[in-house]
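Accompanying notes for the structure given below.
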Amino acid sequence: MTQPAIMNTYGRLPVSFTRGEGVRLFDTEGKRYLDSISGIGVNALGHSHPAVTEAIQQQAGQLLHTSNLYSVEKQQALAEALCSVSGMDNVFFSNSGAEANEAAIKLARKHGHNRNIEIPHVVVMEQAFHGRTLATLTASGNRKIQAGFEPLVRGFIRAPFGDIAALETIAHNNDSVSAILIEPIQGEGGIHTLPAEYLAQLRALCDRYDWLLMLDEVQTGNGRTGKYFAYQHTDIMPDVVATAKGLGNGVPIGACLAHGKAASLLQPGNHGSTFGGNPLVCAASLAVVNTLTSNNTIEQIAENGHYLLAGLKQQLAGAPHVKEVRGQGLMIGIELNTPCAGLVSQALAKGLLINVTAERVVRLLPPLIINQQEIDELLSILCPLILAWPEQSSAA
Ligand SMILES: *Cc1c(COP(=O)(O)O)cnc(C)c1O
């Protein structure tokens, strides 16, 4: 499929969808698919969720945009809902995950200058993914994302993921650090989780050295891991949280949340966005947050996440080429010991949408509304394909 009018930035699968409903997508031929990637973690409530559809329709007939020159009622309501569910103090709204991280990085710079650090540095992780703007691709720990776009941005120090001793060493040897930016679970990097006690140790270290603890919850936020934010599996409070993806269920919105001293770093004129937090996206996002936080939706996500993880572990047990099945909530990676990008088109042919990241990790990010029957269906399509890999590919 050639799309000459579109810049060649994505290798696209030869399929196009015309509509979706819940966990299902339908292509131009009318073929039905089980969506197990949610537009890369975006369609948290699945497709055509009635609460989101209604909010968008109603807001579209009322008011789309006014700019941040005026107060925006839906933006205010969304900010209050996000602060209430997170314990954070205030919010800056952006249009994407990368922009939410840009706001976080600007907070880190401000904090550094307030501490009289001449060139403030942000500690970032190996295999991290923070976005495609120049600062966020610099913060990302993947040379493929950076190559060709030099010069990179100054002010970042790389550290190994999950290694608190390595951070102690950086803190000892370097007094120019003002913040650390880390994903609670690395998404694009291959679904890498942190040791259980890591975030508490990191909080203590950040307090000791006056670093802002900044979490990139663009992928892990909004219920994905079985808590509203992934840090809520622990007792800590971060200083800054960036989120996006599932926040809008498909409308482009990101948010940078701040707590304590980080909440008063920015003053009028310091940052801005024309579209950020406009009435349309905030109305949609408010429907998402209200739906996620009502009833026991998030507890159900945690339970279904356990069910999916247990099912995968059981059905893939003993397969010599399956290195590890890991994750939290409905954010799961299956690491093989061979490259496995070819599994994506095999699954597609069988009506299942999955993703492979970091070359050998099958990534599952199903809509958070998936039920156990649909999880059984997912397992029954995916596990045989994984078990037969790579024999099928070498025979093909
Ligand atoms: C997707 C992602 C981003 C980038 O978000 P965009 O909306 O594509 O800019 C940043 N950080 C993490 C952890 C992500 O998963």
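Please treat every number below as a calculation from the coordinates, not as lab data. Bear in mind that the values here come from a model prediction, so they are computed numbers and not experimental data. Every residue, glycine among them, receives a Cβ derived from its backbone with ideal geometry; neighbour counts consider all protein chains shown.
Only Cα sites of the range 136-273 enter the Debye sum here, all with the same form factor; the resulting log10 I(q)/I(0) across q = 0.15 1/Å is -0.84, listed in q order.
Per-residue Karplus couplings for the range 51-58, computed as 6.51 cos²θ - 1.76 cosθ + 1.60 with θ equal to phi - 60°, are listed in order as 5, 6, 4, 5, 4, 5, 4, 5 Hz, Gly and Pro entered as x. Charge tally for LEU280 (other residues, Cβ to Cβ under 14 Å; Lys, Arg +1; Asp, Glu -1): -1. A Förster radius of 41 Å combined with the Cβ-Cβ distance from THR293 to GLU118 puts the calculated FRET efficiency at roughly 0.45. Net charge within 14 Å of ASN116 by Cβ-Cβ distance, Lys/Arg positive one each and Asp/Glu negative one each, not counting ASN116 itself? My count for the surroundings of ASN116 gives 0. Rg and Dmax, both from the Cα atoms of the chain and both in Å, are 20.9, 63.
Considering only TRP211, ALA263, GLY250, and ranking their Cα positions along the charge dipole of the range 209-271 that arises from unit charges at the beta-carbon of Lys, Arg, Asp and Glu, the one farthest toward the positive end is GLY250. With a cut-off of 13 Å between beta carbons, the residues surrounding LEU82 carry a summed charge of -2, where Lys and Arg count +1 and Asp and Glu -1. Shown here: the range 134-196, whose C-alpha atoms stretch 34, 31, 14 Å along the first, second and third principal axes, sorted largest to smallest.
Between amide H atoms placed 1.01 Å from N, distances below 5 Å from MET331 occur with no residue 5 or more places distant or on a separate chain.
Is there a pair in LYS74/LYS106; LYS106/LYS245; LYS74/LYS245; LYS144/LYS227 whose C-alpha atoms are over 27 Å apart, and which pairs would that be? Table pairs above 27 Å Cα-Cα are LYS144/LYS227.
Short to long, the 5 Å bins of the Cα pair-distance histogram for the range 1-153 hold 2, 7, 10, 12, 16, 16, 15, 13, 7, 3, 1, 0, 0 percent of all pairs.
Subtracting the Cα-Cα distance of ASP235 and HIS306 from their residue separation scaled by 0.36 nm leaves 23.4 nm. When shorter helices are ignored and each DSSP H run of at least 4 residues is given -39500 (n - 2.57), the per-residue value for the chain at 222 nm works out to -11000 deg cm²/dmol.
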